[in-house]
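What follows is a short report on a single structure.
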Amino acid sequence: MSRFFSSRYAGLTPYTPGEQPQERKYIKLNTNESPFPPSPGVLKAVSEESQRLQLYSDPESRLLRGALAKHYGLQTEQLLVGNGSDELLNFAFMAFCDENCPAIFPDITYGFYPVYANLNHIPYQEIPLREDLSFSFEDLPDRKGTVFLANPNAPTGIAKSVTEIEQLLQKRQDSVLVVDEAYVDFGAESVLPIVNRYDNLLVIQTFSKSRSMAGARLGFAAGCAELIRDLNTLKYSTNPYNVNRMTSAAGIAALQEDAYYRENARIIEENRRFTTDALRELGFFVPDSKANFLFARSERVNGGKLYRDLKERGILVRHFDKPRIKDYVRITIGTREQMEALLKEIKAILEEQ
Ligand code: PMP
C-alpha cells in the first residue's frame with residue numbers, strides 16, 4: 001500500500017479471480033468458462049463493429065436492450081446492461097443497501113459479495129449454509145435487508161425453485177431480493193418470467209457462461225423500471241459507456257443464435273451428469289449441481305492437494321482455501337474429452353494416496 005492510499009479503503013481485501021495462466025496450456029476447468037467458441041454470427045458482428053471504434057458506444061445500449069427485451073418478453077426500461085454481471089452486482093450493492101439496510105447472503109456463495117459490501121461500507125450478514133451445503137430460507141432473519149441469492153449457488157451448484165423464491169419475495173416485500181442467475185441456463189429455473197409481478201425483484205444474468213462471452217464482459221439486470229432507474233443513476237455516475245461497441249454487437253448476435261447456445265448448454269448438462277456419476281463412483285461427495293461446475297470432496301485426498309496434483313498434470317480446477325470448503329475443489333464442466341482426461345488423472349492421483 002502506498003502512503004497515498006485512501007484510508008477509506010485501507011482495510012479492503014480485494015476479490016481474487018481464478019488463475020488465467022499464460023505460461024503453459026492447461027485443460028482449464030477453473031473459471032466456469034464455456035469450452036465452446038462464440039457462434040459465427042458473433043464473430044462476424046464483432047469484426048464489423050470494430051470498424052467503428054472511433055465512435056463512442058451508445059450509452060443507453062438501446063439496440064442491445066431492445067434485443068434483450070424482445071428475447072425475454074420485457075420492456076426496454078426494465079433492462080440495464082453492464083460490463084459483466086460483476087459491475088451490475090456492484091451497482092446493486094450501492095443502490096439497495098446502506099447502514100439501515102444491510103446486505104444478507106449465505107456464508108458460502110459468490111466471493112465477490114463481501115468484497116462489494118466492504119468496498120461500499122455496507123454492513124452485511126452471512127447466513128450459514130446447512131451441513132449438506134443447502135441454503136434454507138427459514139434461516140434468513142426477519143429484519144429488513146437486501147438478500148443476494150446466487151441461483152444456482154456458487155460454488156455449490158445447488159439451485160432453488162421459482163416457487164420457493166416467490167414465497168420469499170412475498171414474505172420480504174419491504175426489501176429487494178437480488179437473484180444472481182449467472183449459471184441459470186444449465187438446467188435451473190429462472191425468475192425472469194415473474195419480474196413483472198414483483199417490484200422488489202432484481203434479476204442479474206451474464207453472457208459469460210452459457211453464451212461463451214466471458215472475455216467480452218456482458219451482463220444484464222432486469223427488474224421493474226424504478227429499480228433499473230436507480231441502477232442507472234449509479235451507472236451514469238461511474239461509466240456511461242460501460243458496454244463497448246463490439247460487446248454490444250456480440251450480445252445482439254448471440255441472442256439471434258440462441259439455438260447454438262442452448263445446444264451447448266445441453267451438452268454441458270450431459271457431461272455434468274457423466275462426471276457427477278463417475279466422481280461419486282470414486283467415492284466423492286458431490287452435491288447435485290444445476291450449474292456448469294461441480295463441487296466435490298474426497299475423503300482420500302484433500303482439496304488443496306488435489307488442486308496442486310491436477311495442476312502438475314496439466315489440469316486447472318479451483319480450490320478455495322477457506323474454512324468449511326477447503327476440502328473441496330470446484331470443477332468446471334468442459335467437453336466430454338476434457339472430463340475424461342480429468343477423471344483419468346483423478347483416478348491416478350487417488351491410487352497414489
Ligand atoms: N455471479 C456469479 C455467481 C459468478 O460466479 C460470476 C462469475 N465469476 C459472476 C456473477 C460474474 O460474472 P461476469 O462478471 O463474468 O458476468
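The values are calculated or read from the model by the stated rules, or taken from the named source; none is laboratory data. For clarity, every value in this text was computed on a predicted model and none was experimentally measured. Glycine also receives a Cβ, built like all others from the backbone with ideal geometry; neighbour counts cover every protein chain displayed. We work out accessible area using only protein heavy atoms, side chains counted, and drop any ligands, DNA or RNA first. Shrake-Rupley method; radii C 1.70, N 1.55, O 1.52, S 1.80 Å.
The number of residues in the range 164-188 being away from the ligand (no atom under 16 Å from the Cβ) and either touching a Ser or Thr at 6+ places or on another chain (Cβ under 7 Å) or not hydrophobic (A, V, I, L, M, F, W, C) (or both) comes to 10. Please work out if LEU306 is touching a residue at least 12 places away in the same chain (Cβ under 8 Å), surrounded by 14 or more Cβ atoms within 10 Å (Cβ to Cβ), part of a helix (DSSP H, G or I) and touching a strand residue (DSSP E or B) at 6+ places or on another chain (Cβ under 6 Å). Yes; evaluated as a whole, the condition is true for this residue. Within the range 311-353, being under 29 Å from ALA265 (Cα atoms) and assigned to a loop (DSSP other than H, G, I, E, B) holds for ARG313, GLY314, VAL317, HIS319, PHE320, ILE325, LYS326, ASP327, ILE333, GLY334, THR335. Scanning the range 125-180 for residues that are assigned to a loop (DSSP other than H, G, I, E, B), in contact with a strand residue (DSSP E or B) (Cβ under 6 Å, 6 or more places away or on another chain) and β-branched (Val, Ile, Thr) yields THR156, VAL176.
Take the conditions (1) touching a Leu at 6+ places or on another chain (Cβ under 9 Å); (2) within 16 Å of the ligand (Cβ to nearest atom); ASP139 misses just one of them, which is (2). Screening SER161 against (1) within 16 Å of the ligand (Cβ to nearest atom); (2) under 25 Å from GLU270 (Cβ atoms) leaves a single unmet condition, (1).
Meeting the requirement of 2 or more residues that are open to solvent by 40 Å² or more (accessible area, probe 1.4 Å), the helices (runs of 4 or more DSSP H) wholly within the range 1-108 are 40-49, 62-72.
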